[in-house]
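Please read the structure below before turning to the comments.
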Amino acid sequence: MSDMIERVGFAAGEIWKYLLENGESSPIKIKANLGLSNTMLYLALGWLAREDKVNIVQQDYSYRISLK
């Protein structure tokens, strides 16, 4: 497994844990609280979405992310 895939997988796990502990959140809050770059945030959210682990709902000009 490549280093980048491992990093994205790790970030996905961190996001999953964050949502488990804090409930629904915006991408901006997740990014700020976990110290992720925009790229890593959205790669990891894509990973979680592909695994059907999160709900992503558009709200106004942002999104709300929650665990399924």
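The values are calculated or read from the model by the stated rules, or taken from the named source; none is laboratory data. Computed from a predicted model, the values in this text were never measured in an experiment. With ideal geometry, Cβ positions are generated from the backbone for all residues, glycine too; neighbour counts draw on all protein chains shown.
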inquiry  = Looking only at the stretch 1-31, how many residues end up being surrounded by 11 or more Cβ atoms within 10 Å (Cβ to Cβ) and either small (G, A, S) or touching a residue at least 24 places away in the same chain (Cβ under 8 Å) (or both)?
reply    = 16
ask   = Can you tell me how many residues in the stretch 35-60 are surrounded by fewer than 13 Cβ atoms within 10 Å (Cβ to Cβ) and of a type in the set (A, V, I, L, M)?
value = 1
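Pick out the one residue from G13, G9 that is under 10 Å from the mean Cα position of the chain (by Cα) and either at pLDDT 95 or above or aromatic (F, W, Y) (or both). Lay out the reasoning, then the answer.
Details: G9 fails: under 10 Å from the mean Cα position of the chain (by Cα).
It is G13.
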